[in-house]
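Some notes on the structure that comes next.
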Amino acid sequence: QVHLVESGGGLVQAGGSLRLSCVASGSIFSINDMGWYRQAPGTQRELVADISSDGSTNYADSVKGRFIISRDGAKKMVYLQMNSLKPEETDVYYCKFSIKSMPRGPHDDYWGQGTQVTVSS
């Protein structure tokens, strides 16, 4: 089994910052992409940022210049530094890892349980 555990969510005032963390454990040979997604009630889950095994990053246009994604492969962790947060970014945030459990096996996607981020005005 593979488990992803998130931390760092909570309540912050508009303009403030939060740092989310996600760590994977279990049957892991290698990790390809790591990413962060968010979903508000009644909406589709959307990509916030992702990072590949070589460190290449992608960001949603709405967060460029404010959020930074980073990874530590040895620790099997991904981080999301969120700065200048806006009330409309009050959402549940999910981490996702693409993981190989054995050397010649496929990459499968695994999701964290979600962590609530609330930005007050």
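The set of residues in the stretch 20-48 being charged (D, E, K, R), surrounded by 14 or more Cβ atoms within 10 Å (Cβ to Cβ) and part of a strand (DSSP E or B) consists of D33, R38.
When the residues of the stretch 70-121 are narrowed to those that are in a strand (DSSP E or B) and among the charged types (D, E, K, R), which ends up nearest to I31 (Cα to Cα)? Among those that are in a strand (DSSP E or B) and among the charged types (D, E, K, R), it is K100. Residues in the stretch 57-69 that are part of a loop (DSSP other than H, G, I, E, B) and open to solvent by 60 Å² or more (accessible area, probe 1.4 Å) were compared, and the one that is farthest from G35 (Cα to Cα) is G65. Within the stretch 1-15, residues that are in a strand (DSSP E or B) sit with their Cβ atoms under 9 Å from residues that are open to solvent by 80 Å² or more (accessible area, probe 1.4 Å), at 6+ positions apart or across chains, in these pairs: L4/W111; L4/Q113; V5/Q113; E6/Q113; G10/Q116; L11/Q116; Q13/S121. Can you name the residue in the stretch 2-57 that is in contact with a helix residue (DSSP H, G or I) (Cβ under 9 Å, 6 or more places away or on another chain) and among the small types (G, A, S) and, of all such residues, is modelled with the lowest pLDDT? Checked the stretch 2-57; the qualifying residue modelled with the lowest pLDDT is A40. Yes or no: the stretch 109-121 includes at least one residue that is of a type outside the set (F, W, Y) and without any contact (Cβ under 8 Å) to a residue 12 or more places away in the chain. Within the stretch 109-121 (the criterion being of a type outside the set (F, W, Y) and without any contact (Cβ under 8 Å) to a residue 12 or more places away in the chain), the answer is no, since none of the residues qualifies. Within the stretch 74-94, residues that are on the phi < 0 side of the Ramachandran plot reach partners that are modelled with pLDDT under 95 and of a type in the set (S, T, Y) with beta carbons closer than 7 Å, at six or more positions or on different chains, in the pairs P87/S121. Listed conditions (1) free of Cβ contacts under 8 Å to residues at least 60 places away in the same chain; (2) open to solvent by 60 Å² or more (accessible area, probe 1.4 Å); (3) under 14 Å from the mean Cα position of the chain (by Cα) are all met by S52, apart from (2).
The values are calculated or read from the model by the stated rules, or taken from the named source; none is laboratory data. The structure presented is a predicted model; accordingly, all values stated were derived computationally and were not measured. All Cβ positions, even for glycine, are placed from backbone atoms using ideal geometry, and neighbour counts span all protein chains on display. Calculation scope for accessible area: heavy atoms of the full protein, side chains included, ligands and nucleic acids excluded. Shrake-Rupley method; radii C 1.70, N 1.55, O 1.52, S 1.80 Å.
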